[in-house]
Amino acid sequence: MPIPTETVGSLPRPMKLQEAYEAYDQGQITFEQLQAEQDEAAEDSIRRLEQTGETYVNDGEQRESSFATYPITDTLAGTGLAENMAGDGQYFAIFDDGHHRQLPRLTSGPFRYKNHAAEYVEKNRQLTDRPVKQAVISASMMMLLYPLEEEIEGYPREQFLEDVVDEVERDIRRCFAAGAQRVSIDFTEGRLANKNDARNPWTGKDMLQEFIDLNNRVLDRFSADERRNIGVHTCPGGDMDSVHSKEVPYEKLLTKMFQLNAGYFLIQCASEDDKEKVYKLVGDNSRDDANGVPQVCFIGVINPLTPEVETAEEVKNRLVTAARYIPVERLGATDDCGFSPFSRDEKPRHGSPDFARDVAMQKIRARIEGARMASEELGV
């Protein structure tokens, strides 16, 4: 079987859509008008992905406030925030260029999603006859909505966590029921959990194992056959062409991450200085039997944070090298991260989000062609 390829999830939102989000936050347009812009950008994303030959298409998260906040708010500015949330939660991350992203704060129970990702799957299935995938947020990211130290009166932390697990499971199951063939869980907080940034208190709480255990509470509710199509994505962040945790030694995550009983992983690597070290870590720690399912390792061969387009030859060489450490039957190719995980992102290193959309498609084509070339060289 040829080396499979798969996108992570997000694509840069056109500037026209980003301006519509701003206009909606300012009360200048209606939600229906914002949705019209989202729908236009979503259809354009699907058409472009179809033209690249991408295996599984999606809308590039054009309808989502962000990969992390889509279940609880309509926009990053907090318009349409769920009723039992306040906007003054803890930072999710502080990025290397100095900007930050902040999560809402849960004020009362019970915890429930306002929006489910299946809504996007349903709309996307109407636009294409190609297989569709959907990225969803992790239980561990939702865990950070609860106050870090104190407990919410009348709503103990353990009850909250059980509700989170229920909601994430429901999110995934609804995506499959709506027609998604693949669902991947975004787990960017995994590497960040080892950063111990004094400006961001949760990163100093040594929460990685807690995150893994909580996410496994979700995964273990699915059969081995179901988990073959449930993935986990990890990266050191990717927003405004900047990262939040790339300086954290990767082995701190990769020696533990494969405890997750997922069927496949989307693993940032193209932007690493020592790629071969990552291939070895993945090969040494991934499992050929994770409670009944072999873990397929999709290696990041494309760096979404730079406008320079990788060649198919570069992609091929990275995969051929990775195959020295990872069994080829468990090797795949992906991008390091979503191309624009937050809906307000002007892509400064690219010059504009519209140009970044064009670049993203060139990079995806290079990934697909490079994977084909590597498959041919490796005889699979």
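The values are calculated or read from the model by the stated rules, or taken from the named source; none is laboratory data. Treat the numbers as computed from the prediction; the structure is a model and nothing was measured. A quick note on method: Cβ atoms are made from the backbone with ideal geometry, for glycine too, and the neighbour counts reach across all protein chains shown.
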Open item on the list: Could you tell me how many of the residues in segment 56-91 are of a type in the set (S, T, N, Q), closer than 27 Å to Val132 by Cα and in a loop (DSSP other than H, G, I, E, B)?
Closed with: 6
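Do we find that Phe355 is aromatic (Phe, Trp, Tyr), in contact (Cβ under 8 Å) with a residue 12 or more places away in the chain and buried (at least 18 other Cβ atoms within 10 Å of the Cβ) in this structure? Write out each step before concluding.
Numbers: aromatic (Phe, Trp, Tyr): yes; in contact (Cβ under 8 Å) with a residue 12 or more places away in the chain: yes; buried (at least 18 other Cβ atoms within 10 Å of the Cβ): no.
No, not satisfied.
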TODO: Count, please, the residues in segment 256-271 that happen to be surrounded by fewer than 22 Cβ atoms within 10 Å (Cβ to Cβ) and touching a Pro at 6+ places or on another chain (Cβ under 9 Å).
DONE: 1
Open item on the list: Of the residues Ser340, Ser352, only one is in contact with a Leu (Cβ under 7 Å, 6 or more places away or on another chain) and farther than 13 Å from Ala374 by Cα; which?
Closed with: Ser340
Open item on the list: I'm trying to understand the selection: among the residues of segment 250-265, which are in a loop (DSSP other than H, G, I, E, B) and either closer than 18 Å to Ala135 by Cα or without any contact (Cβ under 8 Å) to a residue 12 or more places away in the chain (or both)?
Closed with: Leu260, Asn261, Ala262, Gly263
Task: Residues being of a type in the set (A, V, I, L, M) and exposed (fewer than 15 other Cβ atoms within 10 Å of the Cβ) - total across segment 24-58 - done: 1
Open item on the list: Let me spell it out: the conditions are (1) farther than 22 Å from Arg13 by Cβ; (2) modelled with pLDDT under 95, and Leu378 meets all of them except one. Which number is the exception?
Closed with: (2)
TODO: Quickly run through segment 358-380 and pick out the residues that are surrounded by 23 or more Cβ atoms within 10 Å (Cβ to Cβ) and either on the phi > 0 side of the Ramachandran plot or touching a Leu at 6+ places or on another chain (Cβ under 8 Å) (or both).
DONE: Ala360, Ile364, Gly370, Ala371, Ala374
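Mind listing whichever residues of segment 296-349 are among the aliphatic types (A, V, I, L, M), in a helix (DSSP H, G or I) and crowded, with 24+ Cβ neighbours inside 10 Å? Before the answer, list the steps.
In the first step, residues of segment 296-349 are kept if they are among the aliphatic types (A, V, I, L, M); the result is 296, 299, 301-302, 305, 309, 312, 315, 319-320, 322-323, 326, 328, 331, 333.
Keeping just the survivors that are in a helix (DSSP H, G or I) gives 312, 315, 319-320, 322, 328.
Selection gives Val315, Leu319, Ala322.
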Task: The listed residue being crowded, with 16+ Cβ neighbours inside 10 Å, among the aromatic types (Phe, Trp, Tyr) and modelled with pLDDT under 95, out of Phe111, Phe160, Phe92 - done: Phe92
Task: Subset of segment 286-316 that is over 21 Å from the mean Cα position of the chain (by Cα) and among the polar types (S, T, N, Q) - its residue that is nearest to Arg217 (Cα to Cα) - done: Asn291
Open item on the list: I'm told Glu64 meets every condition in (1) of a type in the set (D, E, K, R); (2) at pLDDT below 95; (3) over 25 Å from Gln159 (Cβ atoms) except one. Can you identify the failing condition by its number?
Closed with: (2)
Open item on the list: Take the conditions assigned to a loop (DSSP other than H, G, I, E, B), in contact (Cβ under 8 Å) with a residue 12 or more places away in the chain and surrounded by 15 or more Cβ atoms within 10 Å (Cβ to Cβ) and apply them to Tyr146. Does it pass?
Closed with: yes
Task: Selection within segment 261-270 - under 14 Å from Arg191 (Cα atoms) and of a type in the set (A, V, I, L, M) - done: Leu266, Ile267
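Answer yes or no as to whether Phe67 is surrounded by 20 or more Cβ atoms within 10 Å (Cβ to Cβ) and closer than 25 Å to Val359 by Cα. Let's see the steps before the verdict.
On the way: surrounded by 20 or more Cβ atoms within 10 Å (Cβ to Cβ): yes; closer than 25 Å to Val359 by Cα: yes.
The answer is yes for Phe67.
Residue-wise test of (1) touching a residue at least 24 places away in the same chain (Cβ under 8 Å); (2) of a type outside the set (Gly, Ala, Ser).
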position: Thr7; (1), (2): yes, yes
position: Pro12; (1), (2): yes, yes
position: Glu19; (1), (2): no, yes
position: Asp25; (1), (2): yes, yes
position: Gln28; (1), (2): no, yes
position: Asp39; (1), (2): yes, yes
position: Ser45; (1), (2): yes, no
position: Leu49; (1), (2): yes, yes
position: Gly53; (1), (2): yes, no
Open item on the list: Checking the structure you have, find out if any residue of segment 179-200 is of a type outside the set (S, T, N, Q), in a helix (DSSP H, G or I) and surrounded by fewer than 18 Cβ atoms within 10 Å (Cβ to Cβ).
Closed with: no
- [ ] Any residue in segment 303-330 that's among the charged types (D, E, K, R): show its pairings with residues that are part of a helix (DSSP H, G or I) and surrounded by fewer than 20 Cβ atoms within 10 Å (Cβ to Cβ) at Cβ separation under 8 Å, as long as the two are six or more apart or on different chains.
- [x] Glu313/Met373; Lys316/Met373; Lys316/Glu377; Arg318/Lys275
Open item on the list: Filter segment 101-128 down to the residues that are closer than 17 Å to Phe67 by Cα, touching a strand residue (DSSP E or B) at 6+ places or on another chain (Cβ under 7 Å) and either of a type in the set (S, T, N, Q) or without any contact (Cβ under 8 Å) to a residue 40 or more places away in the chain (or both) and list them by number.
Closed with: Gln102, Asn124
